[in-house]
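Right, one structure below, let's go through it.
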Amino acid sequence: MDMNQYLDMFIEESREHLQAINSNLLTLEDDPHDISVVNEIFRSAHTLKGMAATMGFEDLASLTHETENVLDLIRNQKLTITSEIMDVIFKSVDAMEEMVQSIMEGGNGVLDVSQLVEVLRTIVSGDFEQAVQESAAASAVALSNETSEEIVHSEGTQESVTRNYELDDYAITIMRQSKESGHNIYWIHISLREDCVLKAARAYMVFDQLETLGEVIKTTPGVEDIENERFDRSFEVIYITARPAEEITNKISNISEVSEVLIETIQLPDMNKEVAASAPVAQKQKDETKGNTPAQNQTATKKVNGNKTIRVDIERLDILMNLFSELVIDRGRLEQLAKEIDKTELHETVEHMSRISGDLQNIILTMRMVPVEQVFNRFPRMVRDLAKELNKKVNLEIIGAETELDRTVIDEIGDPLVHLLRNSIDHGLESPAQRTQMGKPEEGVVQLKAYHSGNHVFIEVQDDGFGIDKNKVLNKALQRGIVTPTMAETLTDRQIYELLFASGFSTADQVSDISGRGVGLDVVKTKIESLGGSVSVDSSPNAGSIFRIQLPLTLSIISAMLVQIEAEKYAVPLSSIIETAVVKKSDIMMAHRQQVIDFRGKIVPLVSLKEIFSIPVNGITKEDEVAVVIVRKGDKMAGLIVDSFIGQQEIVLKTLGKYLVNVFAISGATILGDGQVALILDCNALIK
């Protein structure tokens with residue numbers, strides 16, 4: 001069977017299971033006695049193991065199996081959870097994620113997990129720092145009985161051979177059904193001679209003989225490894241047949257270069273005992289489905305409606321979005337032609353098409369929207385590890401994880417949020433001892449919050465730590481020459497905090513490999529502004545800091561105001577516009593050699609786009625009035641001087657290509673209805 005067709009599904013579902021395991025492990029660490037959480041982790045691990053074994057990823061299946069053994073002892077209350085055991089399980093999950101990432105990048109998912117496997121086995125055997133004693137000793141005896149038994153040699157001698165079944169539920173079901181039908185189930189160990197040249201060919205001959213008399217259920221190592229001679233001199237087979245062991249032994253022994261055949265009958269566990277052992281868990285699951293909480297009801301609803309959803313490759317959605325973008329351009333062209341031709345029938349048809357395409361646009365944009373939960377889910381584990389490394393107690397509160405963003409934005413915001421969270425934990429929060437001295441709880445709080453507002457999504461990272469020392473920030477800025485003493489006297493508190501985003505700026509006395517206050521914040525600002533957003537910071541002494549990120553809902557299609565400057569047309573994103581106005585020239589004043597106007601009681605500087613872009617003057621300018629677009633970036637405002645306003649329009653954002661990068665104050669271009677190209681202004685750069 002060609003497994004490649006299932007690879008994408010395997011990767012997607014593996015990531016979901018690993019995310020669920022990580023999340024539930026954090027819950028378990030807070031409440032080690034919650035067996036229901038252990039059951040959830042065990043089910044996810046068991047499913048992941050089965051999928052990995054089916055797809056032939058043996059390292060992943062092996063590590064998951066050993067982790068599953070530890071979880072099994074925990075859920076059966078034979079093993080007490082300790083911090084050290086949790087660390088090992090977390091490291092195992094990290095290794096699983098690394099293997100899945102390798103598979104996702106086209107690798108084979110191979111990773112040396114022998115050390116982790118050995119540590120997990122010592123936990124099961126009770127030798128792991130003597131974490132458990134009596135119960136662990138009992139489980140060690142059980143494990144010993146299960147994995148090392150007296151095997152009857154084909155010639156009648158006895159020899160101890162280690163074996164490992166590692167069977168999934170499907171294989172066990174087949175074995176049980178075969179046993180009930182009167183078939184024999186054997187474990188067979190085949191050894192080849194040391195001088196065997198073609199090991200794979202000999203193994204093939206063994207399988208060929210076995211398949212004439214029965215069915216091979218599992219091989220160790222896997223079939224692919226045996227075919228590629230990735231084994232020493234021996235391999236194991238679990239085999240179902242109606243024939244006696246002697247006949248099987250004779251068949252294999254007659255193959256040349258086979259030196260030894262060991263065979264035993266596998267005794268399956270008593271079904272009644274297994275059912276009795278799992279009954280309490282089954283009853284608990286039954287109780288949980290009664291819907292005592294809204295969250296449980298919601299989960300149940302999702303399961304019922306699961307057949308009404310499908311997975312769609314994100315590349316297909318990108319193609320659909322690109323095609324619709326071209327349709328938007330053609331729609332603008334048709335609207336322009338309808339105005340020029342001025343036919344009633346054409347107007348009606350174009351208006352109907354505009355309504356339909358508008359509905360289609362909303363559906364496509366909705367399809368591309370993804371909850372920020374996809375990004376937020378990776379942070380609890382990161383915060384847990386970081387807090388442990390820094391010997392701090394941190395409670396991460398996540399609010400608004402269901403808030404949706406376009407996937408193109410989702411893909412880019414992970415790294416900036418990592419920077420902000422690491423800064424908050426490392427240099428924002430105090431140590432437990434310091435917090436106690438200040439009358440604060442030992443556990444610091446970092447809040448990650450997302451919410452919608454208009455056509456934007458806001459993401460906030462807030463901590464209840466030291467706050468930002470504005471004097472320290474200002475002194476460092478003066479030392480670095482970022483501000484002059486004259487400028488420093490006029491800066492507000494918020495403007496001082498904004499200095500943290502200056503390139504390479506840091507107030508940290510010692511720069512650690514985790515973060516220093518300010519390290520990486522210039523990177524955060526650059527990334528967020530490249531997404532058409534903005535980032536700001538505010539702080540209160542000894543009360544904490546808050547970093548606020550503002551992002552557009554989507555980057556593909558935006559609403560803009562088209563303006564005319566001489567013969568050229570420009571697009572100003574509506575998200576940046578406060579108001580448009582016509583100002584008398586007599587109302588324009590000069591301040592610090594800069595033209596300004598009084599806009600609703602605030603002094604707003606004017607920016608002449610004609611001068612910025614060196615547009616040649618061809619027409620006749622009005623003597624007494626100027627058209628101004630008032631734009632905003634955070635608390636700062638500016639008035640863009642234009643010749644005239646054309647009107648509001650939805651435009652498709654196109655990049656300028658790799659040959660026109662870092663063009664000042666231009667974020668892209670669009671094609672208008674008449675076929676002309678209009679440049680899209682970057683208002684953030686103009687205000688800056």
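For the range 413-434, does any single residue satisfy the condition of being on the phi > 0 side of the Ramachandran plot and more than 23 Å from the chain's Cα centre (by Cα)? Reasoning before the result, please.
First, pick out the residues of the range 413-434 that are on the phi > 0 side of the Ramachandran plot: none.
No, because not a single residue in the range 413-434 is on the phi > 0 side of the Ramachandran plot and more than 23 Å from the chain's Cα centre (by Cα).
Which pairs do you get when a residue that is in a strand (DSSP E or B), found in the range 614-639, comes within reach of a residue that is of a type in the set (Phe, Trp, Tyr) and modelled with pLDDT under 90, reach meaning Cβ atoms under 9 angstrom, with the pair 6+ apart or on two chains?
Short answer, once both residue conditions are applied: Val628/Phe599; Ile630/Phe599; Met637/Phe599; Gly639/Phe599.
Can you name the number of the only condition in (1) touching a Cys at 6+ places or on another chain (Cβ under 7 Å); (2) of a type outside the set (Val, Ile, Thr); (3) modelled with pLDDT under 50 that Lys303 fails?
Going through (1) touching a Cys at 6+ places or on another chain (Cβ under 7 Å); (2) of a type outside the set (Val, Ile, Thr); (3) modelled with pLDDT under 50 one by one, Lys303 breaks only (1).
Which condition number does Pro32 fail, the rest of (1) in a helix (DSSP H, G or I); (2) buried (at least 16 other Cβ atoms within 10 Å of the Cβ) being met?
All conditions pass for Pro32, except number (1).
Of the residues that sit in the range 226-259 and are buried (at least 18 other Cβ atoms within 10 Å of the Cβ) and not hydrophobic (A, V, I, L, M, F, W, C), which one is nearest to Gly56 (Cα to Cα)?
Once the filter is applied, the top-ranked residue is Glu236.
Among Phe42, Phe57, which is in contact with a Gly (Cβ under 8 Å, 6 or more places away or on another chain) and either on the phi < 0 side of the Ramachandran plot or free of Cβ contacts under 8 Å to residues at least 60 places away in the same chain (or both)?
On the way: Phe42 fails: in contact with a Gly (Cβ under 8 Å, 6 or more places away or on another chain).
The conditions single out Phe57.
Can you confirm whether Ile319 is at pLDDT 75 or above and either in the same structural domain as Glu402 (by TED's automatic domain parsing) or among the aliphatic types (A, V, I, L, M) (or both)? Write out each step before concluding.
Numbers: at pLDDT 75 or above: yes; either in the same structural domain as Glu402 (by TED's automatic domain parsing) or among the aliphatic types (A, V, I, L, M) (or both): yes.
Yes, satisfied.
If you scan the range 673-683, which residues turn out to be touching a Gly at 6+ places or on another chain (Cβ under 9 Å) and either modelled with pLDDT of 80 or more or in the same structural domain as Ser325 (by TED's automatic domain parsing) (or both)? Lay out the reasoning, then the answer.
Taking the range 673-683 as the starting set, the residues that turn out to be touching a Gly at 6+ places or on another chain (Cβ under 9 Å) are 673-674, 679-680, 682.
Scanning the range 673-683 gives Leu679, Ile680, Asp682.
Could you check the range 327-352 and list, in sequence order, the residues that are among the basic types (Lys, Arg) and part of a helix (DSSP H, G or I)?
First, pick out the residues of the range 327-352 that are among the basic types (Lys, Arg): 331, 333, 339, 343.
Matches in the range 327-352: Arg331, Arg333, Lys339.
I'd like the residue in the range 578-606 that is in contact with a Leu (Cβ under 9 Å, 6 or more places away or on another chain) and surrounded by 12 or more Cβ atoms within 10 Å (Cβ to Cβ) and, out of all such residues, is farthest from Ala669 (Cα to Cα).
Kept after step one, since they are in contact with a Leu (Cβ under 9 Å, 6 or more places away or on another chain), are these residues of the range 578-606: 583, 588, 594-597, 606.
Now restrict to residues that are surrounded by 12 or more Cβ atoms within 10 Å (Cβ to Cβ): 583, 588, 595-597, 606.
Numbers: Val583: 28, Ile588: 31, Gln595: 28, Val596: 29, Ile597: 30, Leu606: 24 Å.
Within the range 578-606, the match that is farthest from Ala669 (Cα to Cα) is Ile588.
Pull up the range 222-257, narrow it to residues that are part of a helix (DSSP H, G or I) and among the hydroxyl-bearing types (Ser, Thr, Tyr), then point me to the one that is nearest to Lys199 (Cα to Cα).
The initial filter retains those residues of the range 222-257 that are part of a helix (DSSP H, G or I), namely 223-227, 245-253.
Next cut, among the hydroxyl-bearing types (Ser, Thr, Tyr) only: 249, 253.
On the way: Thr249: 19, Ser253: 15 Å.
Among those residues, the one meeting the criterion is Ser253.
I need the full set of residues from the range 361-388 which are loosely packed, with under 15 Cβ neighbours inside 10 Å and within 23 Å of Asn322 (Cβ to Cβ), in order please.
Within the range 361-388, Asn362, Ile363, Thr366, Met367 qualify.
The values are calculated or read from the model by the stated rules, or taken from the named source; none is laboratory data. Keep in mind the model is a prediction, meaning the values are calculated, not measured. Methodologically, a virtual Cβ is constructed for each residue, glycine included, from the backbone with ideal geometry; neighbour enumeration extends over all protein chains shown.
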